[in-house]
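Working notes, beginning with the structure itself.
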Amino acid sequence: MKHVIIGAGAAGITAAKTIRSLSPDAQILVISEDEQVHSRCMLHKVISHERDAAGISFVPQEFFEANRIQWMPGTRVKYVWPVTSKVQLENDETIDFDRLLIAAGAESFIPPVGDFRTAKNVFGLRHLSDALKIDQMAETAERVLIVGSGLVGMDAAYALLERGKQVTVVEMAERILPLQLDETAGEPYKRLFEAAGCRFILGKSASETVTDENGNIRTVILSDGTEIPCDLVIVAAGVRAALSCVEKSGLKADRFLEVNEYMETSAPGIYAAGDIAGLSGIWPNAMKQGQTAAFNMCGQHMKYLDRYAMKNTMNFYGLVTLSLGRGVAEEGDLVLIREDRGTYKKAIFRDGRLDSILLQGDIDYSGIYQYMIKNQVKLSGMEERIFDLTFADFYDVWPDGQYDWKLPI
């Protein structure tokens, strides 16, 4: 059996490792545009010089050899052909497969603003190659403009502030980290970044650019006419699934590749995982999706059940925040908040179950909340105690050490 995996991120690498454990004699080929396996969550550490490129790999140096996995780094898959069970590379070489996993991830979205898509000093921050280019340009660039204040944007801002750069962050929303945090949780981070020298312009968007004769943007003009001088621009305005290799495949896709509960696409024997599948592409979920796909590629049925276990953790300037679940309250939801000195907690209940929780300053014992959300535990009558609950509230412990579940799921 020949398994081909497109992508060497969390989903692809987990799938390759899992297939090898399940099928010791299978042939496994990983194809990736990346030249090196790396954690995208740590790209900013390369920019800040906390780590070098090798220091953000999440596999041992001998991973591929030790697991007898063939790897084709720096290689782009041009097309996937389900009918003939082949992938076509950029150089038009074709490779056969018996089972295929598409874990190609996503690409930074660069909006069509002025010369953003063509200027030499504009970058996304999605790949190691992006981080290395930003690092190199930051050697001489002093004025940095970051468009977008999500996690990627704030990671980039933190890294460049650590290098003493003049950083301005422009955000369309009226607060920073708008997808991850509410206004109360976001404000302490804003103050911490401002104390470190960061300038925020909120509720505005980039509108025009002024580019010099060398193809570098020197000024970005905002929607209100404000002019921002800059030497380097980082666009952190979201990502788009990397669907180019499946555009002619006939696989069902809209913004993402369509998959069933077994991570299988509309073509038998072809699977997808990670950002390209659109099922919460954060690191733990991507790994679980890759593992699930691998089991099914090897003929061992496994369903992907972690569609609600969305998790974000951040730590800037010593302030830690954890958010679990979808994070947005809808009409009819119960919202409970507890705020003390240095801590902020917010829980959202839907239909008697914990849908989301945000913890800032103190994230101890957060595992119980992840368990509640993932397993959709019924909490009717216990909502007011949400911030004081422990696993003891859900289990009776018998003298022989066995546990008995108290509440229905």
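Please treat every number below as a calculation from the coordinates, not as lab data. If you're wondering where the values come from, they're calculated on a predicted model, not measured in any experiment. Positions of Cβ are generated from backbone atoms using ideal geometry, with glycine treated the same way; all protein chains shown enter the neighbour counts.
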Computed label-point distance, nm, for sites residue 183 and residue 68 using a 7 Å Cα→Cβ extension = 6.1
Theoretical gain in end-to-end length, residue 337 to residue 50 [0.36 nm per residue, Cα-Cα removed] | 99.7 nm
Sorted largest first, the Cα spans of the range 122-237 on the principal axes come out in Å as 44, 31, 24
Isotropic mean projected area of the C-alpha convex hull, the range 311-405 (nm²) | 7.1
Sorted from largest down, what three extents in whole angstroms do the Cα atoms of the range 23-122 have along their principal axes?
-> 47, 33, 19
For residue 78 and residue 378, calculate 0.36 nm times their separation in residues minus their Cα-Cα distance, and state this gained length in nm to one decimal.
-> 103.3 nm
hull vol. (C-alpha, convex hull) per residue for the chain, Å³ -> 173
Can you give the FRET efficiency for residue 136 and residue 393, using 1/(1 + (r/R0)^6), R0 = 60 Å, r = Cβ-Cβ distance, to the nearest 0.05?
-> 0.65
Computed ³J(HN,Hα) along the range 196-202: with the Karplus parameters 6.51/-1.76/1.60, θ = phi - 60°, integer Hz and x for glycine or proline, the list is 8, x, 7, 10, 10, 10, 9
Cross-link table 17/45; 17/288; 190/311; 86/248; 78/288; 2/86, entries beyond 18 Å C-alpha to C-alpha = 17/45; 190/311; 78/288
Would you be so kind as to identify all helices of the chain, as entire DSSP H runs, whose Cα atoms reach 15 Å or more along the helix's own axis and whose mean Kyte-Doolittle hydropathy is at least 0.0?
-> 10-22, 151-162
Ranked packing of 15-27, 282-294, 193-205, 123-135, most packed first, by mean Cβ within 10 Å = 282-294, 123-135, 15-27, 193-205
Where is the GNM fluctuation largest for the chain (alpha-carbon springs, 10 angstrom cutoff): 56, 221, 176?
-> 221
Please give the length that would be gained between residue 254 and residue 301 if that part of the chain were fully extended, namely 0.36 nm times their separation in residues minus their C-alpha to C-alpha distance (nm, one decimal).
-> 14.3 nm
Mind telling me which of 259, 83, 170 comes out most flexible in a GNM of the chain, alpha-carbon contacts under 10 Å?
-> 83
